[in-house]
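Take a look at the structure below.
The values are calculated or read from the model by the stated rules, or taken from the named source; none is laboratory data. Worth saying up front: this structure is predicted, and the values here are computed from it rather than measured. Here Cβ is always computed from backbone atoms with ideal geometry, including for glycine, and neighbour counts include all displayed protein chains.
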Amino acid sequence: MKKLIYTLIAFLVLQSAAISQTAIISEDFSSPVGWEMQGNWVQEDGYLMLYYYPIVDDYDFSAYSNSFDVPAGGGEVVISTFLDVYLANVTDERCIISVVAGDNETELWNRPLSEGPYGDFQGTDLTLSLDDFSGQNVQLRFRSFGSSTNALWGWFIFNINLTTWFDHELSALQINGPSHLDVSQEGIWEVKVKNQGLNQETGFAVNLHSYKSTEVLASVTYNGSLGSGETTILNLNYAPDRVHNTMLYATIDAPTDEFVTNNITSGTFLRVKPEAEYSILFWDNDNGIESVESPETGQLQQPHVGLMKSLQMSGIAFDYVYELPEDLPAYDLVITTMGNYCLS
């Protein structure tokens with residue numbers, strides 16, 4: 001009997017890991033919209049923060065989110081937070097998270113600062129149920145009040161996700177394909193789709209689009225049975241008929257899908273090459289100094305790195321040199337970076 005119970009528990013754990021809830025709202029505070037902040041609440045790049053300074057006695061400061069609709073099936077709000085407390089100065093101060101629905105307000109989390117810090121420096125997930133607010137339009141309120149702001153070092157909100165379950169919910173995860181083709185050369189784009197709903201899915205279509213066209217470039221229908229939590233890859237074949245640069249993306253067309261916001265992939269670059277012959281020289285004149293920030297990694301790199309990557313992804317051949325050759329007329333185009341030099 002014990003073996004059976006343990007087996008069932010293991011099965012349920014594996015099933016819950018395979019099926020993921022859908023995040024219908026995700027706020028990382030990189031470009032927040034609609035937040036109302038009072039007193040010492042401020043928004044920095046990547047977090048919302050209630051700061052102790054300037055020190056205010058008998059304070060009561062709140063931050064309100066933009067209003068949003070809770071799905072009919074309810075959901076959970078997952079808040080990545082860190083509350084840093086100056087215990088030596090604590091008296092009656094509190095931090096509260098509540099839901100405001102019209103004229104009503106309901107507390108979901110109430111923490112006296114006398115209990116000390118909450119979470120770690122990089123944020124700890126706090127999961128709160130919104131099932132009682134199913135189908136309602138609500139706001140989140142982050143409130144702190146008490147004798148003095150000097151009782152806390154800071155209350156940080158790093159991320160807010162509203163997740164829920166749907167009976168029918170497909171998600172377009174990613175698209176992969178060639179970055180360059182000749183005219184009339186056929187390419188294959190792989191689109192990864194996940195069933196994040198509770199029911200099996202069949203008979204949905206995946207379409208290929210271009211940002212430079214209103215037409216569907218290619219389409220494929222999935223006639224199998226995709227179980228809850230499962231993923232599949234569908235192939236889309238397309239041969240461009242003209243020279244141009246564009247971004248391609250894929251969409252899911254499923255009549256029963258209850259959440260269509262995630263039915264579109266991010267874009268993938270495509271260069272359709274001309275037949276003309278040309279020669280390119282790339283002169284690396286960076287002086288070996290990493291002076292620009294990569295938008296992908298945030299790390300410093302030499303200026304030529306991004307240019308070279310763009311050319312390589314586009315399938316453009318070039319000669320790479322550190323010093324200019326004497327025979328420049330042999331090239332149709334010379335690309336260089338100005339470099340960085342120390343004057344003394």
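Quick notes on this one:
- Residue pairs whose Cβ atoms lie under 9 Å apart, sitting 6 or more positions apart in sequence or on different chains, and linking a residue in the range 7-35 that is over 15 Å from Asn195 (Cβ atoms) to a partner that is exposed (fewer than 10 other Cβ atoms within 10 Å of the Cβ) and modelled with pLDDT of 55 or more, are Glu27/Val33; Phe29/Asp45; Ser30/Asp45.
- Residues located in the range 146-164, provided they are crowded, with 19+ Cβ neighbours inside 10 Å and hydrophobic (A, V, I, L, M, F, W, C): Ala151, Leu152, Trp155, Phe156, Ile157, Phe158, Ile160, Leu162
- Qualifying position, being within 22 Å of Leu152 (Cβ to Cβ), small (Gly, Ala, Ser), at pLDDT 95 or above and not in a strand (DSSP E or B), among Ser114, Ser80, Ser98, Ser62: Ser114
- Candidates Tyr249, Tyr238: the one that is within 30 Å of Pro274 (Cα to Cα), within 22 Å of the chain's Cα centre (by Cα) and not small (Gly, Ala, Ser) is Tyr249.
- Within the range 311-344, tally of residues that are loosely packed, with under 11 Cβ neighbours inside 10 Å and either without any contact (Cβ under 8 Å) to a residue 24 or more places away in the chain or of a type in the set (Asp, Glu) (or both): 7
- Count of the range 206-243 residues which are among the aromatic types (Phe, Trp, Tyr) and closer than 22 Å to Glu169 by Cβ: 1
- Looking only at the range 42-59, residues that are in contact (Cβ under 8 Å) with a residue 24 or more places away in the chain, out of contact with any helix residue (DSSP H, G or I) (no Cβ under 9 Å at 6 or more places or on another chain) and either in a strand (DSSP E or B) or of a type in the set (Lys, Arg) (or both) come to 4 in all.
- Lone qualifier among Asp69, Asp92, Asp103 - being touching a strand residue (DSSP E or B) at 6+ places or on another chain (Cβ under 6 Å) and within 19 Å of Gln139 (Cβ to Cβ): Asp69
- Elements of the type strands (runs of 3 or more DSSP E) sitting completely within the range 215-326 and holding at least 1 residues that are modelled with pLDDT under 95 and of a type in the set (Asp, Glu): these cover 319-321.
- Residue match in the range 169-190 (condition: closer than 29 Å to Leu128 by Cβ and acidic (Asp, Glu)): yes
- Boolean, Asn104 is polar (S, T, N, Q), at pLDDT 95 or above and surrounded by 12 or more Cβ atoms within 10 Å (Cβ to Cβ): no
- None of Ser225, Ser219, Ser210 is of a type outside the set (Val, Ile, Thr) and either exposed (fewer than 13 other Cβ atoms within 10 Å of the Cβ) or in contact with a Phe, Trp or Tyr (Cβ under 7 Å, 6 or more places away or on another chain) (or both) except Ser225.
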